[in-house]
Amino acid sequence: MIRMVSAIVGFSLVLLTGCGPGAQAPPSTASGDINTKEEQQALTPDAIIDDLRAGNERFAAGSPTDRDYLAQVKATASGQYPKAVVLSCLDSRVPVEIVLDQGIGDLFVGRVAGNIGDDAMIGSIEFATAVAGAKVLLVLGHSDCGAVKGSIDREAVKALGLENLNYLLDDLNPAVEAALQPGNERTSADKDVVSGAIRENVRLTIERIRHKSPDLVAMEQAGKIKIVGGIYDLATGKITWM
């Protein structure tokens, strides 16, 4: 009797799913679509920004796009036509493509602690836009940034004696100085100082990129690209756009 019931259940599953012994799994309904050169050229910077905003809203709402990543891997193997470049922090909690709900081949992503724009990063952004066709630069900071907090508490961190880390803290210091208000104590225990420095760091990074790259400024003034900032909230998954 038990064998008969098992056989009936198994046969029913085959009828319902087509996944019995030797049967093929149903085809994936996930999207394997990628950007083409023609689609990249047709997009406007404003349309791309709207798409990134909508993507983050989908992510934060728990309804990201269903994608066939393996199909996208194969489709992009011979070329790439990303629509935007994102300069983000190194933080493991900010996986850029995921929080913006983008697929393989959609974004160039540069990651460095504190999302700073050094010469190599700016050169990479120039390549992504002027050469490879991306039309938006998003400088993406995030809440509770450890690099910014380290720069606030720089004397304690510098005591570790890590020379290159100290250079990074120095690069972030102008944002900290800009965020400090009269009466503020320079401590990462002050959440207002931390959040203010994170905002200032995004603003100053954009300012620095414009200052060091006349080519990007020329593209921006011609309407070929837009440069925007945002701050990702680690607790909610939402981006506040600047």
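Brief remarks on what is shown
- Pair list, Cβ under 7 Å, 6 or more apart: segment 199-228 residue assigned by TED's automatic domain parsing to the domain that holds Leu172 and closer than 15 Å to Ala134 by Cβ, other residue among the aromatic types (Phe, Trp, Tyr) and at pLDDT 95 or above: Val228/Trp241
- Pairs, first over 20 Å from Ile49 (Cα atoms) in segment 62-83, second of a type in the set (Ser, Thr, Tyr), C-beta under 7 Å, six or more apart: Asp66/Thr29; Asp66/Ser31; Arg67/Ser31; Asp68/Ser28; Asp68/Ser31
- Summed over segment 42-58, the residues that are crowded, with 18+ Cβ neighbours inside 10 Å and part of a loop (DSSP other than H, G, I, E, B) give a count of 1.
- Unique match (being of a type outside the set (Val, Ile, Thr), modelled with pLDDT under 95 and within 25 Å of Ala120 (Cα to Cα)) among Gly161, Gly183, Gly223: Gly161
- Any hit, segment 175-186, residues being under 29 Å from Gly133 (Cβ atoms), out of contact with any Cys (no Cβ under 6 Å at 6 or more places or on another chain) and in contact (Cβ under 8 Å) with a residue 24 or more places away in the chain: no
- In segment 111-133, residue farthest from Ser151 (Cα to Cα) [restricted to those that are surrounded by fewer than 20 Cβ atoms within 10 Å (Cβ to Cβ) and not aliphatic (A, V, I, L, M)]: Gly133
- Qualifying positions in segment 169-200 - of a type in the set (A, V, I, L, M, F, W, C) and buried (at least 19 other Cβ atoms within 10 Å of the Cβ): Leu169, Leu172, Ala175, Val176, Ala179, Val193, Val194, Ala197, Ile198
- When every residue of segment 72-91 is checked against the conditions, at least one turns out to be farther than 30 Å from Thr205 by Cα, modelled with pLDDT of 95 or more and β-branched (Val, Ile, Thr).
- Scanning segment 74-107 for residues that are more than 22 Å from Gln41 (Cα to Cα) and within 8 Å of the chain's Cα centre (by Cα) gives Ser88, Val94, Pro95, Val96, Ile98, Val99.
- Qualifying residue in segment 116-137 (condition: in contact (Cβ under 8 Å) with a residue 60 or more places away in the chain and either farther than 30 Å from Lys37 by Cβ or touching a Cys at 6+ places or on another chain (Cβ under 9 Å) (or both)): yes
The values are calculated or read from the model by the stated rules, or taken from the named source; none is laboratory data. Model, not experiment: these values are computed from the prediction. Positions of Cβ are backbone-derived with ideal geometry, glycine not excepted, and every protein chain shown enters the neighbour counts.
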